[in-house]
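First comes the structure, then the notes that go with it.
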Amino acid sequence: MATGHYAETLRQPGFLAFFNTQFLGAFNDNFLKMVVSFVAINLAAKNSDGYVELIAFLFILPSALFSGYAGHLADVYSKRAILIAVKIFEIAIMVFACGAFIAANIQMMLAAVFLMGLHAAFFSPAKYGILPEMLPDKDLSRGNGLLEMSTFMAIILGTSLGGAIFSVWKHNLPLIGLLMIAIAAVGMYTSLGIAQVPPSGAAKLLRLNPFGEIFDGLRRLRADRPLWLTVLGISYFWFLGALVNINILSFGKELLHLNEFHIGLLGTFLAIGIGLGSLAAGRLSGDHVELGLVPLGSICMGVALALVAWSAPSYPRTAAAFVLLGFSAGLFAVPLNALLQQRSGKEEKGQLIATNNFMNTIGIALAAGVHWLMQAPLQLAPDTIVLIIGLLTIAGTITVLYLLPDYVVRFIVWLLTHTLYRIKIVGEKNIPVHGRALLVSNHVSFVDALLIGACLPDFVRFMLHRDYYDLKALNWFFRLMRSIPVSANNRRDIVESLKRARNELDKGHFVCIF
């Protein structure tokens with residue numbers, strides 16, 4: 001269904017510079033964390049317990065404390081200017097980290113990790129918020145696919161090269177500091193090529209309370225059910241990723257009897273899967289945000305978690321299951337991120353993305369608590385923990401689909417159309433990306449309803465003759481689609497049907513007279 005390709009997305013003005021800037025920043029984040037982890041453990045010797053957990057905590061803490069400020073800045077000022085300013089700040093952090101290496105001061109190194117977390121907290125709302133301002137709507141899903149892929153590739157390279165370079169230069173730490181300064185400088189240089197975007201026009205006063213913007217963002221999200229469910233879905237993605245990463249160590253040691261290197265590779269397989277899944281989601285979404293991929297990705301995540309639990313003690317099976325899990329997570333997360341960017345208002349995009357980051361941080365912290373509960377008090381085996389989370393993911397998906405039948409329809413329509421047809425869309429520019437539309441179709445078969453539903457960026461309500469609506473074989477599906485039956489010979493029924501159609505239009509849905 002896609003008329004565009006990744007090559008065209010990369011050619012959008014300023015996007016390649018943005019892509020490189022984001023990649024280098026994410027690489028430096030993980031490179032610094034890995035190097036500091038090794039340095040701290042080596043320097044602390046016998047008292048090294050807890051440093052890895054402390055470093056992870058210090059990195060995510062700024063997202064909990066300062067996301068409100070970051071969202072405010074992204075709404076009031078140009079997001080490009082914020083990205084450049086944050087990259088300059090990154091250079092200063094790396095200079096500070098280099099000084100910490102020279103002084104062999106653990107406290108300074110931990111402070112550098114905290115500052116890099118602060119850098120990430122302010123970078124994120126501008127990073128995700130600038131995408132819909134820099135890309136046309138038809139490229140938004142592909143842009144998010146590239147963004148998520150680059151993030152997880154940067155995590156892989158930053159983590160693996162951080163350990164490799166430390167093993168070579170651990171007796172000459174200033175060289176590592178200089179390398180990180182150089183990477184930050186290159187990232188700052190590439191940020192200058194990001195497309196110019198004006199400020200959103202929001203006129204808001206900065207609140208001293210760091211959680212004021214977050215509380216307002218939560219109220220705004222709760223008032224918009226699709227946005228609220230989107231943020232909950234993204235937060236579950238980070239919860240699940242954090243829990244799986246925490247569980248990898250005990251899974252690898254207790255069930256697979258692996259050394260640290262091969263355990264680390266399991267995380268690499270997971271990240272590779274997420275990168276591939278993100279690219280696939282961008283491609284399969286075509287030229288709009290395809291929500292049908294969300295339940296598909298969620299169900300596949302649950303199945304993949306069950307396969308991970310079943311895979312031990314085979315390392316090849318476990319690695320394949322982790323790739324599948326990551327691939328499914330990419331299918332799940334990319335449409336949700338794109339929808340959050342697309343549906344958020346221009347003057348509130350930074351605030352809502354910052355609120356989403358805060359919720360993601362809560363999800364990561366909750367994952368640590370859930371894992372501790374399952375492992376310590378309940379004394380569950382690592383594979384049992386993974387299996388329980390997988391079954392809960394499948395059960396949760398089924399529950400959400402029951403409560404939100406629109407997503408069932410979107411899921412079914414997407415599967416059927418992508419399995420049976422190769423669709424070419426003509427005149428897509430005439431369909432509004434935001435807002436409502438009344439469509440009148442000249443159809444020749446019932447399949448046309450599936451094709452229309454699959455090609456449009458939002459849910460479609462079909463008005464059709466009551467005789468067809470009442471057919472026993474199809475009535476369940478028409479009800480699921482929230483179709484509007486109408487009897488041509490009953491004036492009262494026509495009036496009621498038109499009222500229902502008007503209500504659906506007022507909700508921002510498409511209505512098709514079929």
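The values are calculated or read from the model by the stated rules, or taken from the named source; none is laboratory data. These numbers come from a predicted model, not from an experiment. In this analysis, Cβ positions are derived from the backbone assuming ideal geometry, glycine residues included, and neighbour counts consider all displayed protein chains. Keep in mind that these areas ignore ligands, DNA and RNA; they rest on the heavy atoms of the full protein, side chains included. Shrake-Rupley method; radii C 1.70, N 1.55, O 1.52, S 1.80 Å.
General observations
- Computed label-point distance, nm, for sites I398 and W228 using a 7 Å Cα→Cβ extension: 2.6 nm
- Over all distinct Cα-Cα pairs of the stretch 443-492, the Kirkwood formula returns a hydrodynamic radius of 11.7 Å.
- In degrees, nearest ten, helix 212-223 long axis to first principal axis of the chain (Cα): 30 degrees
- Ellipticity estimate at 222 nm from DSSP helix runs (n ≥ 4, -39,500 (n - 2.57)) divided over the chain, nearest 500: -25500 deg cm²/dmol
- Residues whose amide H comes within less than 5 Å of that of C512, counting only those at least five positions distant or on another chain, are L439, R461, F462, M463 (H built at 1.01 Å from N in the peptide plane).
- Pairs over the 22 Å Cα-Cα cut-off, from the set K33/K170; K33/K87; K79/K346; K33/K79: K33/K79.
- Surface accessible to a 1.4 Å probe, per residue, for the residues of the stretch 225-311, Å²: 35 Å²
- Partners for K472 among lysines (Cα-Cα distance below 30 Å; same-chain residues under 8 apart left out): K499, K507
- Both numbers refer to the Cα atoms of the stretch 418-514; Rg and Dmax are 13.8, 41 Å.
- Using alpha-carbon coordinates, inclination of helix 79-103 to the longest axis of the chain, degrees: 20 degrees
- Helix axis angle, 315-343 relative to the chain longest principal axis, alpha carbon, degrees: 60 degrees
- Dimensionless Rg ratio for the stretch 233-291, taking C-alpha atoms and the 2.2 N^0.38 Å reference: 1.43
- Where N is the number of residues in the stretch 280-385, Cα Rg divided by 2.2 N^0.38 Å: 1.31
- Measuring between their Cα centroids, the stretch 424-487 and the stretch 110-124 lie 48 Å from each other.
- Stokes-Einstein D for the chain, Kirkwood Rh over Cα pairs, 25 °C, 0.890 mPa s (µm²/s): 101 µm²/s
- Note on Y189 and L16: the extension gain reaches 61.0 nm, defined as 0.36 nm multiplied by sequence separation minus the Cα-Cα distance.
- Tensor-based shape of the stretch 176-266 (alpha-carbon gyration tensor, a/c under 1.5 rounded, otherwise prolate or oblate): oblate
- Atom-type composition of the exposed protein surface of the stretch 285-434 places 70 percent of the accessible area on carbon and sulfur (1.4 angstrom probe).
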